[in-house]
1. Evaluate the distance, in nm, between pseudo-label points positioned 7 Å from the Cα of VAL98 and of ILE130 along their respective Cα→Cβ axes.
2. Calculate one ³J(HN,Hα) per residue across segment 140-150 by plugging θ = phi - 60° into the Karplus curve 6.51 cos²θ - 1.76 cosθ + 1.60, and present them in order as whole Hz with x for glycine and proline.
3. Could you work out how much longer the chain between LEU139 and GLU105 gets when fully extended? Use 0.36 nm per residue separation minus the Cα distance between them, nm to one decimal.
4. Could you run the Karplus curve 6.51 cos²θ - 1.76 cosθ + 1.60 with θ = phi - 60° over segment 107-112 and give me ³J(HN,Hα) per residue in whole Hz, x for Gly and Pro?
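Values in this text are rule-based calculations from the coordinates and carry no lab data. Predicted, not measured: the structure shown is a model, and the values here were computed from it. Heads up, the Cβs are rebuilt from the backbone with ideal geometry, glycines too, and the neighbour counts pull from every protein chain shown.
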Amino acid sequence: MSEDLPIKNIFTGPGRLFDQLRIKSLQEDLLFFFTVVLAVSILSTLRTLLMYPVHEPTAPYLIGGMLFGAFGPLQSMITWAVILLSVSLIEHFFLLFVDEHQGFERTMKSAIYALFPTVLFWWAAVILKIPYAGLLLLLCFTLITYSGIRKFHEKSKDRAAFVSLATSAVLLILFSRWISVPGFGLWL
């Protein structure tokens, strides 16, 4: 019974967790991803509304707050959908160099779980601007992508390392503004 709990497998070995996730459908994975995105977006919107209270709640402020509260999560869902698709396409592009036969669905599953820490903690790098938080998230993404490619695509260590590092390098270039690497932004 305890073998069915995926949270335990995170600590005992990511390989077992990815073995269990491989049999799930992409629809279930997408539902999980967008549920987390929606929850984080709602919490972020509530935090914003609570941090900037209106002293005299008049109709325009209340209507604006309701619109912001409704469109904030919608905008977040669209943004993360574009990010998920973009990261999946970049990862799949590099997988084509290492003889990919598993299909795009497995690439998207790998990207879903690799982006999970970023969805949860993007605010640390972007909003709070905590030094090296973006670099730590990129490192997490790289390691999870490596494990995901090894399990979902059944690639060797060197091929999984190539795809993982190449995908992360592209993301480092694209999102260098939010990834704190001293001196990196000087040549962009």
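1. In this crude label model, VAL98 to ILE130 measures out at 3.0 nm.
2. With the stated coefficients, segment 140-150 comes to 4, 4, 4, 5, 5, 4, 4, 5, x, 5, 4 Hz.
3. 9.9 nm
4. 5, 5, 4, 4, 5, 4
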